[in-house]
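Visitor: I'd like to ask you about the structure that follows.
The values are calculated or read from the model by the stated rules, or taken from the named source; none is laboratory data. Since the model is a prediction, treat every value here as computed from it, not as a measurement. Glycine also receives a Cβ, built like all others from the backbone with ideal geometry; neighbour counts cover every protein chain displayed.
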Amino acid sequence: MREIHYYICIPGFRTKEIIVVTTLIDAVKYPVSAILDLYDSRWEAEINLRHIKTTLGMDILSCQTPEMVRKEIYTYLLAYNLLRSVMYEAGTTFDRNPVRLSLQATRQHLDNFSSQWDSKTNKKARKIYRTMLEKVADSYEEKRVGRVEPRVRKRRPKAYPRFARASECSTGKNEICLTSGFRLKLAAFGYERFSLT
């Protein structure tokens, strides 16, 4: 085992020391800087999950049955993969790092340009698609080293009013009324009878 100590001297970071333990013990083949870069890049997974929830609007699901919720999640993942594939193609075509391209800008460009190639010939549609890739490649964001993220609430309030009264749902044999107003349909999970008492 190999233990690497990393000290953070950036204002705004709560953690001052990070200890990375790894099985990559060859210091020549795996230098400290490469391992710390891998550790730093793991935050990209968190950012990508946040993009799926906030940028694509999956923070609130609208479907009610488990089967439809699964389909809705798969649809969001499909849309996310489409956007990432466009970003990859734009990055490789115009010599940009696809990870540093803006997902939101890619989404907006895809929305704007998709209506333009509907009734075009293949040659014109390819030209419009290449123009879109160029615009996506222009959304390149430099890595912001030492960016301070203050610990404040950033989430915008939803446009819907908060649910404030008790639930008024019909109590069938396959439903449980929850105090938050949501219904859990047990029949979807294969339960025919369920009792709280």
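Visitor: Looking at (1) in a helix (DSSP H, G or I); (2) β-branched (Val, Ile, Thr); (3) in the same structural domain as Tyr7 (by TED's automatic domain parsing), which is the one condition that is false for Ile73?
Guide: Ile73 satisfies all of (1) in a helix (DSSP H, G or I); (2) β-branched (Val, Ile, Thr); (3) in the same structural domain as Tyr7 (by TED's automatic domain parsing) except (3).
Visitor: A further question follows. Which ones in region 130-144 are at pLDDT below 90 and not small (Gly, Ala, Ser)?
Guide: Tyr140, Glu141, Glu142, Lys143, Arg144
Visitor: Okay, next question. Of (1) assigned to a loop (DSSP other than H, G, I, E, B); (2) modelled with pLDDT under 90, Tyr6 satisfies all except one. Which?
Guide: The number of the failed condition is (1).
Visitor: What are the pairs with Cβ atoms under 8 angstrom where one residue, in region 111-136, is farther than 19 Å from Arg84 by Cα and the other, located anywhere, is surrounded by fewer than 15 Cβ atoms within 10 Å (Cβ to Cβ) and basic (Lys, Arg)? Sequence gap at least six, or different chains.
Guide: Trp117/Lys124
Visitor: I'd like the residue in region 100-135 that is of a type in the set (Asp, Glu) and assigned to a helix (DSSP H, G or I) and, out of all such residues, is farthest from Gly57 (Cα to Cα).
Guide: Glu134
Visitor: So Asp59 ticks every box in (1) among the charged types (D, E, K, R); (2) outside any helix (DSSP H, G or I); (3) out of contact with any Lys or Arg (no Cβ under 6 Å at 6 or more places or on another chain); (4) without any contact (Cβ under 8 Å) to a residue 24 or more places away in the chain but one. Which box is left unticked?
Guide: (3)
Visitor: Out of Gln104, Gln108, which single residue is surrounded by 11 or more Cβ atoms within 10 Å (Cβ to Cβ) and either at pLDDT below 90 or within 23 Å of Asp40 (Cα to Cα) (or both)?
Guide: Gln104
Visitor: Here's something else I'd like to know. In region 23-66, which residues are among the β-branched types (Val, Ile, Thr) and over 16 Å from Glu3 (Cβ atoms)? Reasoning before the result, please.
Guide: Taking region 23-66 as the starting set, the residues that turn out to be among the β-branched types (Val, Ile, Thr) are 23, 25, 28, 32, 35, 47, 52, 54-55, 60, 65.
Within region 23-66, Val28, Ile47, Ile52, Thr54, Thr55, Ile60, Thr65 qualify.
Visitor: Report yes if some residue within region 93-101 is surrounded by 10 or more Cβ atoms within 10 Å (Cβ to Cβ), assigned by TED's automatic domain parsing to the domain that holds Leu133 and free of Cβ contacts under 8 Å to residues at least 12 places away in the same chain; otherwise report no.
Guide: Checking region 93-101: not a single residue is surrounded by 10 or more Cβ atoms within 10 Å (Cβ to Cβ), assigned by TED's automatic domain parsing to the domain that holds Leu133 and free of Cβ contacts under 8 Å to residues at least 12 places away in the same chain.
Visitor: Against the condition in the same structural domain as Val136 (by TED's automatic domain parsing) and surrounded by fewer than 13 Cβ atoms within 10 Å (Cβ to Cβ), how does Glu89 come out, does it pass?
Guide: No.
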